[in-house]
Amino acid sequence: MWDWDYVYELLPKLLRALPATLGAALCGFALAVLVGILIAIAGRSRFRLLRGLTTGIVDFIRSTPLLVQLFFLYYSLPMLTPLAMSAFATGVIGLGLHYACYLSEVFRSSIDALPKGQWEAASALNLSKARTWFSIVLPQAMPPVIPIMGNYLIVIFKETPALSAITFVELLMRTKNETSISFRAFEPYTITGGLFIVVSLLLSLAVSRLEKRFKNRTTA
Amino acid sequence: MNSIYMPDQVAPAKVQEQPLIRYEGVTKTFGELEVIKGIDMSIYGGEKLAIIGPSGSGKTTLGRMLMTLEEPTSGIITIDGEKLWQMEDKRGRLVRANEKHLHRMREKIGMVFQHFNLFPHLTALRNVTLALTSVLKVPKDEARERAAEMLGKVGLATKLDEYPSRLSGGQKQRVAIARALVLRPKVIVFDEVTSALDPELVGEVLEVIKEIAEDRETAMMLITHEMEFAREVADRVVFGADGLIVEQGTPEEIFDCPRSERLQAFLGRFR
Ligand SMILES: Nc1ncnc2c1ncn2[C@@H]1O[C@H](COP(=O)(O)OP(=O)(O)O)[C@@H](O)[C@H]1O
Ligand SMILES: [Mg+2]
């Protein structure tokens, strides 16, 4: 049944797909955080149009499947516009925008939890809006949600197989290709499952390290 | 005498003619609740004005309207003769102040809050330097120097690098005072700055305020329940109740010969 020789031959091949997979996940996550913050900020704008627009976009993205969004970005967008991107870039943007919509809700509630007095002190010191966001609000609102952000990083990593639908050769696609060559499924899928577990564990370890570092720095 | 509207003729002799701050017919309504019912009042440059009155009478709201945290429902507040909440548009019409106008006006105003509102993620020193460097564009070294000097003045020279969580309430409030003072505003609103403190810490904060009140440059609006402190520090005292000014005068006039029954009753509770 289980063939170790085949495993040793297979493992390096599968590992070679890991950097691109992890890279897409990490870049997608970074984009999701960045855009998530921007959405949370826009949600507090004093311009009602901007607030309404962001709510609309967030609701729309959250109520359509990631896969559909990826197809749209990869196949439809180049037909509608001059925008044609590589599978990797499309994957990163697709994952980033999709999860930005979830992360923005996380950020929003953390920002809402900040005492009103912090905004008022910033205003009394005549800090600009941008300075208030970047020196007062975000530095206090982000650390408490590091664990939740970490969960989303792992979720995004586990969603990378969706990128195979737009021809991006990530871990699962690589595995499938191997099975179609060797006509063996047991070892490849087991190894790939194992790799997902190992990487997820490593990521959550890194996140809890980061969380501890922030906890040690200050607590109010 | 029980008149509600008192023309504010009682300017101390040592201050200049033109008031620094004027409230003219200012009202404030929260929903259905009229909290400020038409206030006319002046604060002169460098003047220490104490505001006393029962809680719920609108003292905090009065200060917050000056700090631009609360917009008056009607009436006008001026600073140096310039309207705080209104400005002229290109065609010379009076319109609601925009963020840019408020930003410029706020340079003249500072506030110390009842609950300190220090930034917990920044050290005492960074709390004080932040606005210096980012708003007034003071170079980093100079800002550090000025902030350290100011923290020394409030007795915290050894606490520069402490985070607020490691300071006592009295120390926190002194950082907040240094943070407001270092920007050299023309007026600082002190909103019951000792009422959130443990009784044994009240003294140190009042001492610091008395000391900085020696400086004749900065006007202060001292909203307080500390009557002895008000008598000692204030040039003039305003007694308000139910959103109106009931009586105002020198500390001697207010505390030694209160005229209205309301003030007499109010002061009776502190004896
Ligand atoms: N943001 C607000 N919304 C609704 N009511 C308010 C608000 N701020 C103050 N009030 C009400 O206005 C009244 C006066 O409040 P305040 O100015 O804090 O009085 P004081 O400082 O003299 O105790 C109180 O009845 C208070 O409940
Ligand atoms: Mg109050």
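The values are calculated or read from the model by the stated rules, or taken from the named source; none is laboratory data. Remember, predicted model here, so these are calculated numbers, not experimental data. A quick note on method: Cβ atoms are made from the backbone with ideal geometry, for glycine too, and the neighbour counts reach across all protein chains shown.
Odds and ends about this structure:
- Of all residues in segment A:120-143, those that are at the interface with chain B (Cβ under 9 Å from one of its Cβ atoms) and closer than 28 Å to A:ALA32 by Cα total 10.
- Checked against the criteria, A:GLU211 does not count as at negative phi, assigned to a helix (DSSP H, G or I), crowded, with 18+ Cβ neighbours inside 10 Å and at pLDDT below 95.
- Residue check, A:VAL58 touching an Asp or Glu at 6+ places or on another chain (Cβ under 9 Å), among the hydrophobic types (A, V, I, L, M, F, W, C) and touching a residue at least 12 places away in the same chain (Cβ under 8 Å): yes
- For segment A:146-204, the candidate set comprises residues that are assigned to a helix (DSSP H, G or I) and acidic (Asp, Glu); within that set, the residue that is surrounded by the fewest Cβ atoms within 10 Å (Cβ to Cβ) is A:GLU159.
- Any hit, segment B:168-191, residues being away from chain A (no Cβ under 13 Å), within 24 Å of B:LEU62 (Cβ to Cβ) and within 16 Å of ligand 2 (Cβ to nearest atom): no
- Going through (1) closer than 30 Å to A:VAL199 by Cα; (2) part of a helix (DSSP H, G or I) one by one, A:ILE57 falls short only on (1).
- Index of the failed condition, B:LEU125 passing every other in (1) more than 16 Å from ligand 1 (Cβ to nearest atom); (2) in contact with a strand residue (DSSP E or B) (Cβ under 6 Å, 6 or more places away or on another chain); (3) under 30 Å from B:GLU162 (Cα atoms); (4) in a helix (DSSP H, G or I): (2)
- Within the option set B:GLY75, B:GLY81, B:GLY58, B:GLY110, being among the small types (Gly, Ala, Ser) and within 13 Å of chain A (Cβ to nearest Cβ) holds for one residue only, B:GLY110.
- Selection status of B:ASN117, of a type outside the set (Val, Ile, Thr), outside any loop (DSSP other than H, G, I, E, B), within 11 Å of chain A (Cβ to nearest Cβ) and over 26 Å from B:SER74 (Cβ atoms): no
Results for (1) more than 30 Å from B:ALA265 (Cβ to Cβ); (2) within 16 Å of ligand 1 (Cβ to nearest atom); (3) in contact with a Lys or Arg (Cβ under 7 Å, 6 or more places away or on another chain), shown as yes or no for each residue.
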site	(1), (2), (3)
B:ILE51	no, yes, yes
B:GLY58	no, yes, no
B:GLU70	no, yes, yes
B:GLN86	yes, no, yes
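- B:VAL154 vs. criteria crowded, with 18+ Cβ neighbours inside 10 Å and more than 16 Å from ligand 2 (Cβ to nearest atom): yes
- In the set B:ALA230, B:ALA213, B:ALA219, only one residue is within 16 Å of ligand 1 (Cβ to nearest atom) and closer than 22 Å to B:GLY45 by Cα; that residue is B:ALA230.
- Set side by side, the residues A:LYS158, A:LYS116, A:LYS176 differ, and just one is at negative phi, within 12 Å of another protein chain (Cβ to nearest Cβ) and of a type in the set (D, E, K, R), which is A:LYS116.
- B:GLU211 meets the conditions (1) surrounded by fewer than 18 Cβ atoms within 10 Å (Cβ to Cβ); (2) out of contact with any helix residue (DSSP H, G or I) (no Cβ under 8 Å at 6 or more places or on another chain) in every case but one. The failed one is (2).
- Taking segment B:79-113 as the range and being in a strand (DSSP E or B) and buried (at least 18 other Cβ atoms within 10 Å of the Cβ) as the test, the residues that pass are B:ILE79, B:MET87, B:ILE109, B:GLY110, B:MET111, B:VAL112.
- Only one entry in A:ALA124, A:ALA141 is in contact with a Gly (Cβ under 7 Å, 6 or more places away or on another chain) and crowded, with 19+ Cβ neighbours inside 10 Å, namely A:ALA124.
- Close pairs from segment B:50-73: first on the phi > 0 side of the Ramachandran plot, partner within 7 Å of ligand 1 (Cβ to nearest atom), Cβ under 7 Å, at least 6 apart: B:GLY53/B:LYS59; B:GLY58/B:VAL35
- Scanning segment A:106-118 for residues that are of a type outside the set (Val, Ile, Thr) and buried (at least 17 other Cβ atoms within 10 Å of the Cβ), we see that the one that is nearest to the chain's Cα centre (by Cα) is A:PHE107.
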